[in-house]
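*Asks:* Got a structure for you, questions after.
The values are calculated or read from the model by the stated rules, or taken from the named source; none is laboratory data. In this text, all values refer to a predicted model and were calculated from it rather than measured experimentally. Cβ sites come from the backbone with ideal geometry, for glycine too, and all protein chains shown count toward neighbours. Side chains included, ligands, DNA and RNA excluded: accessible areas come from the protein's heavy atoms. Shrake-Rupley method; radii C 1.70, N 1.55, O 1.52, S 1.80 Å.
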There are 2 protein chains.
Amino acid sequence: MREIKHIAIFGAGGLGRNMAKLLGHKKTMRLVAACDSGGYALCPTGISAETLDLIPPGASVADLAGIGVASLDGIGDLLLCHEQYDGIFLSLPNLPNEFIPQIVQRIADSGFKGVVVDALKRTRAVEMILGMRETLQKAGITYITGAGATPGLLTAAAALAAQSFVEVESVDVYFGVGIANWDSYRATVREDIAHMDGFNVERVAQMSDEEVNAELDKRNGILELVNMEHADDIMLEVAGVVGREKVRVGGIVDTRNPKKPVSTNVKITGITFDGKRSSNTFILGDETSMAANVNGPALGYMKTAFWMNQQGISGVYTSAELMPRFPH
Amino acid sequence: MREIKHIAIFGAGGLGRNMAKLLGHKKTMRLVAACDSGGYALCPTGISAETLDLIPPGASVADLAGIGVASLDGIGDLLLCHEQYDGIFLSLPNLPNEFIPQIVQRIADSGFKGVVVDALKRTRAVEMILGMRETLQKAGITYITGAGATPGLLTAAAALAAQSFVEVESVDVYFGVGIANWDSYRATVREDIAHMDGFNVERVAQMSDEEVNAELDKRNGILELVNMEHADDIMLEVAGVVGREKVRVGGIVDTRNPKKPVSTNVKITGITFDGKRSSNTFILGDETSMAANVNGPALGYMKTAFWMNQQGISGVYTSAELMPRFPH
């Protein structure tokens with residue numbers, strides 16, 4: 001594997017573009033490839049965030065002069081060049097649940113032997129990835145799932161905070177997200193709406209942008225989410241920290257204001273070996289954006305995955321089992 | 001390695017005895033050996049915390065009927081039986097700084113090939129352990145240093161919280177400890193006094209219990225500590241999170257009241273990739289004892305070390321680089 005790791009982003013929407021910006025701060029990792037529904041772009045000397053921003057949101061990386069290639073199967077074409085990169089960040093839409101697992105199957109079949117990190121959110125989607133353990137192990141891929149903010153940073157904080165206890169009674173994740181302009185986060189906002197009463201993944205998939213806008217208008221742009229189907233539950237269960245039924249995830253998303261409506265936090269309550277009940281709390285500062293809290297951990301977990309891959313450890317791990325490392 | 005891991009505690013003072021109590025809650029780990037300056041005790045079917053409590057504080061595990069053996073070198077004798085255990089928790093006095101590193105050298109020389117975890121606190125001591133990387137790697141030992149509360153739980157929280165940022169500006173650890181009766185934590189309280197202005201490790205080592213008592217009396221039993229020499233700094237530097245000069249550790253120890261005088265917390269301030277300054281905070285509940293916050297993480301890191309050892313990974317790691325796992 002290369003000294004400076006070559007990174008590909010599968011998906012060049014808001015999440016992927018922010019990952020490109022974050023990678024611009026790193027000397028030990030370099031963005032060399034991106035793909036989307038319109039094609040792919042590949043440049044071993046590096047693709048900067050500024051280059052990606054030459055194409056407007058919604059346009060394809062295929063339009064990038066000199067390095068873009070139009071294709072009906074940008075992912076498949078980029079997988080043919082898998083020797084060109086060491087790590088893949090999956091910044092594709094999370095919905096439908098099967099979408100990313102199907103892509104992962106294609107990655108496993110391609111002969112790629114590096115690391116893959118996702119920022120999946122739904123329990124069902126992470127469950128599907130966990131079911132691919134053997135496939136990914138045989139392929140020699142080190143895969144870390146649920147490696148964003150929540151699940152991800154906050155799930156890891158819960159697994160860490162649990163160490164004070166012999167029995168964990170509850171894990172409560174409550175997040176606040178402020179988005180200045182939902183256009184940049186179309187997929188994320190749709191996912192959030194799908195968590196609300198009366199909606200589901202299938203219904204949201206069929207909604208037009210106008211219908212989404214109308215739903216946001218009804219609520220003054222504010223989405224309040226309770227008892228979300230979030231993979232923090234299965235990840236903490238698989239890590240042996242607590243049964244999934246004791247993990248609750250909720251939050252408030254303001255789609256019209258970049259200020260967070262509440263401070264994102266996770267509270268872990270349990271019983272100590274000397275019989276005391278107590279709660280440990282991890283609170284994220286209001287000034288960090290969703291993008292900082294998703295992409296930072298994802299890249300940190302990618303560094304951990306590179307280390308594991310070098311040690312010959314492949315298969316699927318979750319962010320609750322590993323400490324993200326700090327890439328420079 | 002055994003399915004149910006056999007654990008030895010080197011040192012049977014307050015810390016070691018609480019580890020015995022914690023191990024009493026675990027089905028996958030079993031305390032089988034303990035040693036102290038008076039000898040050792042070994043029982044492959046298990047030594048309960050209740051058994052250890054049959055001997056009064058200050059007395060030796062050598063006095064345990066049936067399983068205790070008096071010896072001038074309890075550690076050396078127990079190391080001759082190293083096939084009897086898979087993991088060692090070092091609950092020996094931390095001072096002088098060279099003491100634990102010297103014991104670690106003996107462990108490396110003994111032929112033991114399992115895992116070792118310490119709860120060292122001083123920067124200098126952890127530095128010495130980090131210097132033994134090659135020795136421990138060659139010996140086939142997986143060693144995790146600084147795996148208590150601070151350094152340990154809070155250092156790991158800082159490394160995790162740093163993921164929101166591209167640059168960490170400061171890490172501030174501030175702890176509150178309440179001890180009902182300092183007699184049970186003689187070594188710990190002495191260590192704390194050594195951190196205060198006008199004291200050092202050598203001076204404290206020569207103080208009698210009466211002199212320690214007199215110092216505590218002067219301060220109504222309260223020790224306020226600032227800018228402590230604590231290994232959180234070197235551990236976060238080695239993990240690549242932040243330069244050691246940006247890590248500050250302080251706290252208040254009340255030696256006459258089990259209630260914590262302040263809530264233990266760590267605050268991580270940094271700059272995000274999108275140029276915002278923010279702080280993430282991890283706060284421990286006041287109801288968890290120092291013992292719960294030290295021994296829980298130490299055992300969690302031991303589980304991680306067992307996994308690494310099984311994967312063929314040996315050498316020295318710090319609690320800032322790894323996620324502790326949750327033993328049952």
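*Asks:* Tell me the net charge near A:Asp77. Cut-off is 12 Å between Cβ atoms, A:Asp77 excluded, with +1 for each Lys or Arg and -1 for each Asp or Glu.
*Replies:* Details: positive: A:Arg106; negative: A:Asp36, A:Asp73.
Spelling it out: positives minus negatives among the neighbours equals -1.
*Asks:* Separate question: Using only the Cα atoms of the stretch A:148-198, each taken as one equal point scatterer with no solvent, compute I(q) by the Debye sum, divide by I(0), and report log10 of the ratio at q = 0.18, 0.25, 0.32 Å⁻¹.
*Replies:* Rounded to two decimals, the profile gives -0.75, -1.03, -1.24.
*Asks:* Write down the Kirkwood hydrodynamic radius of the stretch B:1-101, to one decimal in angstroms, obtained as one divided by the mean of 1/r over all alpha carbon pairs.
*Replies:* 13.3 Å
*Asks:* Tell me the Rg and the Dmax, in Å, that the Cα atoms of the protein assembly as shown produce.
*Replies:* 25.7, 82
*Asks:* Find which of B:Gln310, A:Ala231, B:Ser184 sits farthest along the positive direction of the dipole of the protein assembly as shown, computed with +1 on the beta-carbon of Lys and Arg, -1 on that of Asp and Glu, about the Cα centre.
*Replies:* B:Gln310
*Asks:* Between A:Ala205, B:Phe89, B:Leu72, whose Cα lies farthest towards the positive end of the dipole of the protein assembly as shown when Lys and Arg beta carbons carry +1 and Asp and Glu beta carbons carry -1, centred on the Cα centre?
*Replies:* Going by the Cα projections, it comes out as B:Leu72.
*Asks:* Straight-line reach from A:Lys259: which aspartates and glutamates have Cα under 12 Å away, leaving out those fewer than 8 places along the same chain?
*Replies:* Result set, ordered by chain and number: A:Asp286, A:Glu287.
*Asks:* Past the 16 angstrom mark, what percentage of all C-alpha to C-alpha distances in the stretch A:154-228 do you count?
*Replies:* 58 percent
*Asks:* To the nearest whole number, what is the average tally of beta carbon atoms from other chains within 10 Å of the beta carbons of peptide A:292-304? Please list the in-between numbers first.
*Replies:* Values: counts 12, 5, 2, 5, 8, 4, 1, 3, 5, 1, 0, 1, 3.
Mean shielding count: 4.
*Asks:* Measuring with a 1.4 Å probe in the full set of protein chains, what accessible area per residue, in whole Å², belongs to the protein assembly as shown?
*Replies:* Value returned for the protein assembly as shown: 37 Å² of accessible area per residue.
*Asks:* Given the stretch B:247-292 reduced to its alpha-carbon atoms as identical point scatterers, what log10 I(q)/I(0) does the Debye formula return at q = 0.13 Å⁻¹?
*Replies:* The calculated log intensity ratios at q = 0.13 Å⁻¹ are -0.43.
*Asks:* Determine the alpha carbon to alpha carbon distance for each of A:Lys267/B:Lys21; B:Lys267/B:Lys303; A:Lys113/A:Lys303 and list only those over 20 Å.
*Replies:* A:Lys267/B:Lys21; B:Lys267/B:Lys303
*Asks:* Sticking with this one: Could you tell me the largest-minus-smallest coordinate of the C-alpha atoms of the stretch A:213-327 on each of the three principal axes, in descending order and whole angstroms?
*Replies:* For the stretch A:213-327, the Cα extents along the three principal axes come out at 51, 40, 24 Å.
*Asks:* Along the charge dipole of the stretch B:246-310, Cβ charges K/R +1 and D/E -1, which of B:Gly275, B:Pro261, B:Met290 sits furthest on the positive end?
*Replies:* Checked the options; the winner is B:Gly275.
*Asks:* Right, something else. Keeping all protein chains in the complex and leaving out DNA, RNA and ligands, what accessible area do you get for B:Arg248 with a 1.4 Å probe, in Å² to the nearest 10?
*Replies:* Rounded to the nearest 10, that gives 100 Å².
*Asks:* How big is the stretch B:153-286 by Rg and Dmax over its Cα atoms, in Å?
*Replies:* So, for the stretch B:153-286, Rg and Dmax equal 16.8, 57 Å respectively.
*Asks:* A further question follows. Would you list the membrane-span-like helices of chain B, meaning whole DSSP H runs whose alpha-carbon atoms span at least 18 Å along their axis and whose mean Kyte-Doolittle value is at least -1.0?
*Replies:* B:290-310
*Asks:* Under 14 Å from the Cβ of B:Lys21, count the other residues' Cβ atoms, weight Lys and Arg +1, Asp and Glu -1, and hand me the total. Before the final figure, lay out the partial values.
*Replies:* Numbers: positive: A:Lys276, B:Arg17, B:Lys26, B:Arg30; negative: A:Asp274, B:Glu50, B:Asp53.
That works out to +1.
*Asks:* Using a 10 Å cut-off on Cβ to Cβ distances, tally the other chain neighbours for every residue of A:7-19 and report the average as a whole number. Can you show the working numbers first?
*Replies:* Working: counts 0, 0, 0, 0, 0, 0, 0, 0, 0, 0, 0, 2, 1.
If you average over the peptide's residues, the count of other-chain Cβ atoms is 0.
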